[in-house]
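Here's the structure, in structure tokens; my notes come after.
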Amino acid sequence: MNAILGIVALGVLLLLPGSAGAATGAAETTVPAMQAPTTQATVAAPPEMSPASSATPGALSAPAVSTTPPAATAPAAPPTQAASIGPLPAPLEAAPPPDVQVEISLARQRMVVRVAGVERHSWAVSTARKGYRTPLGTYRPERMHKRYFSRKYDNAPMPYAIFFHKGWAIHGTDAVSRLGRPASHGCVRLHPNNARALFALVSEYGRANTRIVVTR
């Protein structure tokens with residue numbers, strides 16, 4: 001009797017689905033590991049905002065620099081002068097050389113040489129003796145000869161001759177003892193050294209700047 005009841009109870013248990021599942025579950029000792037659900041967070045871009053730029057920070061902050069050298073600029077033109085400015089002054093001309101004045105006094109039988117109005121020399125002379133004349137007046141040297149001989153008076157030497165009127169001249173003489181009184185045929189005689197000095201002075205300043213004045 002007891003055996004029959006046991007068999008019936010076992011059959012009942014087998015027929016119940018919940019009981020079988022429980023028994024089966026009790027028989028398993030391992031429980032599968034639970035997997036944490038993965039969630040993917042998607043952040044939407046705020047409205048009215050541009051997407052992030054892929055450029056590097058240096059490219060965003062550094063200003064563009066041109067490697068081409070700047071073109072040379074032409075200098076500014078100077079301002080034009082006003083039309084009211086007067087004409088430019090004329091360039092200064094070179095000052096003319098000073099005058100040489102040779103003054104011959106027949107009364108004193110003396111020659112005074114002045115350069116630019118300043119007395120440079122005073123020498124004894126011999127002018128025309130009685131029967132001849134030395135012309136009075138103001139003259140310019142006409143021609144000059146370092147060596148000259150008279151064609152009229154026995155080929156007499158006339159060194160450093162300065163002709164001032166036709167055949168009349170100032171020249172050196174070897175009759176130096178007679179200087180200081182009338183002794184010539186009309187020319188004005190000088191000591192040879194003084195005649196050379198006067199010749200050099202007239203040559204330096206020019207005949208055009210030399211005046212010969214003969215007075216009584």
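Let me make sure I get this right: for segment 135-185, a, b and c are the square roots of the gyration tensor eigenvalues over alpha carbons, sorted descending. Under 1.5 in a/c it's rounded, otherwise prolate if a/b > b/c, else oblate. Which is it?
oblate
Skipping prolines and chain starts, which residues have an amide H placed within reach, meaning under 5 Å, of the one on Thr210, given they are 5 or more residues away or on another chain?
Result for Thr210 returns Val100.
Just add up the charged neighbours of Glu142: K/R +1, D/E -1, any other residue whose Cβ is under 9 Å from the Cβ of Glu142.
Spelling it out: positives minus negatives among the neighbours equals +4.
Using alpha-carbon pairs under 8 Å, 6+ residues apart, how would you state the relative contact order of segment 130-216 in percent?
Here the relative contact order equals 34 percent.
Could you check the spin-label model distance between Ser203 and Arg143? Points 7 Å from the Cα along Cα→Cβ, value in nm.
Taking the simple label geometry, Ser203 and Arg143 are separated by 1.8 nm.
Here, each number is a calculation from the coordinates, and none is a lab measurement. Nothing here was measured: the structure is a model prediction, and the numbers come from that model. Neighbour counts are summed over all protein chains in view; Cβ atoms, including those assigned to glycine, are modelled from backbone coordinates with ideal geometry.
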